[in-house]
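Values in this text are rule-based calculations from the coordinates and carry no lab data. Quick caveat: nothing in here was measured; it's all calculated off a predicted structure. Here Cβ is always computed from backbone atoms with ideal geometry, including for glycine, and neighbour counts include all displayed protein chains.
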Amino acid sequence: MHFKLIIALIEDDKTDAVMEAAREAGATGMTVINHARGEGLKQSKTFFGLTLETQRDMLLMLVEEHLSRSILEKISEVGEFDNKPGSGIAFQIDVEDAVGIKQQIASLSEVVEEEI
């Protein structure tokens, strides 16, 4: 089984909805890193040295490669990435090897067989 790592940077008020959508699309788990900061095309506005931007969360998901694209698209839809500028970004990278995922592999075997 081959895996991809999906990394999503989203507005913190959409974290729960994106997590639920990713699970429905096939993600078996994820790690959330709160209070990430970033900057897009335009610099963030400040007021007396305080940044006036919404907080972001970073979601890390190790997913089976056959499910990765549908999970990525669902994250984009729920996070409104294409409809609202600055709402977030998600991307996937190949994972060469992983350990500690024996339970996920067992639960994904049937799902992946149906996809193939």
Exercise for the section: For a footprinting-style exposure proxy, rank LEU60, LEU108 by other Cβ within 10 Å, fewest first. Expected result: LEU60, LEU108
Completion exercise
Rounded to one decimal in nm, the spacing of the 7 Å Cα→Cβ label points at ASP82 and LEU5 is 2.7 nm
Practice task
Going by C-beta contacts inside 10 Å, put HIS35, HIS66 in order with the fewest on the left.
Solution key: HIS35, HIS66
Handout entry: Least to most buried among SER109, SER87 (fewest other Cβ within 10 Å first)
Key = SER109, SER87
